[in-house]
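Here the structure comes first, spelled out in structure tokens, and everything after it is commentary.
The values are calculated or read from the model by the stated rules, or taken from the named source; none is laboratory data. Only a predicted model underlies this, so the values are computations on that prediction, with no experimental measurement involved. We place every Cβ from the backbone using ideal geometry, glycine too, and count neighbours over all the protein chains shown. All accessible areas refer to the heavy atoms of the entire protein, side chains included, with ligands and DNA or RNA removed. Shrake-Rupley method; radii C 1.70, N 1.55, O 1.52, S 1.80 Å.
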Amino acid sequence: MMQKRMETLMQKLPAGTDAALIQSDVNRRYLTGMQSSAGTVLCFRDGAYLIIDFRYIEKARECVKNCTVLEQHDLYEQIRELLRKHNARTLSVESMNMTLSQFSKLKQQLGNQVQLDQSDALSRAIFACRTVKTEAEIDKIRKAQRIAEIAFADICNFLRAGISERDVMLRLNQTMMEHGSEGESFPTIALAGSATSMPHGVPSAQRIIQDGDFVLMDYGAMVDGYHSDMTRTVCVGQPSEKMQQVYNIVLKAQAAGIDGAKPGITGREMDKLARDIIDEAGYGDAFGHSLGHGVGLEIHEFPNASPATQTKLEAGNVVTVEPGIYLSGEFGVRIEDFVVIRENGCENLTKAPKQLLVL
């Protein structure tokens, strides 16, 4: 599988590109299967190399099978030697990840040996590969989601008036770790009461759950580097009629987004399916973010389901569906599942209940 990723990447690059240089952690892991905080992947049409320092060399030699592993001594000299060996004249770099200073140094070190392609070609080629998940990748995402759902079942038994948002965050994180998560997909969001109107608020030890509060939780687990992402809003005590009304609008909007998730729909069209329902209910101004985003080795990947996205979804994409309504000073509601696009529709990877839970 890893060998095919290298080959597919090079096939997606312009015909005149002889080599590709990958140094970002997530893309290096995608191509080699190995997690590390350093290393350089150099791909050619007829071979590939991982140049990595002493700290990781033993691990790399054990687990990286799709390219030649070289211990790093003088990185730029090693790159120059490999470029000469493969008679490479053009080298593409990760323009979306490389800093100006890194690019300047690389250009200085390589001199006139190769022409550096500083366009977005390599970054876009890698994104194109990563957006279409294999069944093995989807299985890892599914496993991460099952861990997150174990944590949700646990937290529903834990939630009560008198505990803090931070208590909820810590409990979610601990439960996920205990059940096999490598860590949180992103900093866990756990908000209560009027704070739920902040889509990405920060949990506070001082904010205490009161009877009748909404509690909004947005979090995820990780398995072998792959993320899950879910949001649930529940009520501790009896919700008001307005809270129930808003919740059901969001739930209806989310269902419309999921029903429309299929190959050929654009991110903009998918977003509109959910947004129209919220607009028609009179809360359009209270839904200020996009409907969803891709998920994989990063928590935010392509493709997006947003008003600005004309890209069409295709089978193998994994994308969130997370409409929300946020009423400043009152409360907010967000419900988030994520789906994998299949040939005839989509598969919802999220199995946790989402009818309004009153705890």
- Which members of the stretch 102-125 meet the condition of being open to solvent by less than 20 Å² (accessible area, probe 1.4 Å) and of a type in the set (S, T, N, Q)? S123
- Query: If you check every pair at least six apart or on different chains, which have Cβ atoms under 8 Å apart with a residue in the stretch 152-181 that is in contact (Cβ under 8 Å) with a residue 60 or more places away in the chain first and a residue that is not hydrophobic (A, V, I, L, M, F, W, C) second?
  - Reply: F152/R232; I155/R171; I155/T175; A161/Q210; A161/D211; A161/D213; A161/G237
- Note on the structure: Within the stretch 24-51, of all residues that are free of Cβ contacts under 8 Å to residues at least 24 places away in the same chain and out of contact with any strand residue (DSSP E or B) (no Cβ under 7 Å at 6 or more places or on another chain), the one nearest to F302 (Cα to Cα) is D25
- Message: Being at pLDDT 95 or above, within 24 Å of K4 (Cβ to Cβ), touching a Cys at 6+ places or on another chain (Cβ under 7 Å) and in a strand (DSSP E or B) narrows it down to one residue among L50, L42, L91; which is it?
- Response: L50
- Residue identified as on the phi > 0 side of the Ramachandran plot and either of a type in the set (G, A, S) or in contact with a Gly (Cβ under 9 Å, 6 or more places away or on another chain) (or both) among G294, G288, G282: G282
- Message: Being in contact with a Lys or Arg (Cβ under 8 Å, 6 or more places away or on another chain) and touching a residue at least 60 places away in the same chain (Cβ under 8 Å) is the requirement here; does E137 meet it?
- Response: no
- Of these, A128, A144, which one is within 25 Å of V319 (Cα to Cα) and either loosely packed, with under 15 Cβ neighbours inside 10 Å or not small (G, A, S) (or both)? A128
- Mind checking whether some residue in the stretch 171-180 is touching a Pro at 6+ places or on another chain (Cβ under 9 Å) and surrounded by fewer than 17 Cβ atoms within 10 Å (Cβ to Cβ)? no
- Item | Residue match in the stretch 155-178 (condition: in contact with a helix residue (DSSP H, G or I) (Cβ under 6 Å, 6 or more places away or on another chain) and not in a helix (DSSP H, G or I)) | no
- Does R61 fit the bill of being surrounded by fewer than 19 Cβ atoms within 10 Å (Cβ to Cβ) and not in a strand (DSSP E or B)? yes
